[in-house]
Amino acid sequence: MNSGDELAVFPPVSGGSTEVHPSDFFELTTEVIDVGRTARRVVRNECGATVSLDGYVREITKGRKTLYLVYEAYEPMALKEMRRLGEEAHRRF
């Protein structure tokens, strides 16, 4: 991972099907995330609104400047777990 790398999970939760929904997608990326483009990819036309959350970190922690954040994941396991959570969300909601 390098400075500026980002990770995001955007599983849509509407639908209620126990099968993977065609609009679901699960991926890991080290590219900069375009939130608007991602929202257009996951929000279906029948949805009335979109809410997104951006996180920010403090500049200084205990007297030390935050230079970057590092997120790590074992990709095959992370993708499998994201798909499982997506299936559960469709089942429950």
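Only residues that are at pLDDT below 70 and touching a Lys or Arg at 6+ places or on another chain (Cβ under 8 Å) were counted in region 18-53, giving 3.
For region 37-93, filtered to residues that are more than 14 Å from E27 (Cβ to Cβ), assigned to a helix (DSSP H, G or I) and not hydrophobic (A, V, I, L, M, F, W, C), the residue that is least open to solvent (accessible area, probe 1.4 Å) is H90.
The values are calculated or read from the model by the stated rules, or taken from the named source; none is laboratory data. Owing to the predicted nature of the structure, the values given are computational and were not obtained by experimental measurement. No Cβ is skipped: glycine too gets one built from the backbone with ideal geometry, and neighbour counts run over all protein chains shown. Keep in mind that these areas ignore ligands, DNA and RNA; they rest on the heavy atoms of the full protein, side chains included. Shrake-Rupley method; radii C 1.70, N 1.55, O 1.52, S 1.80 Å.
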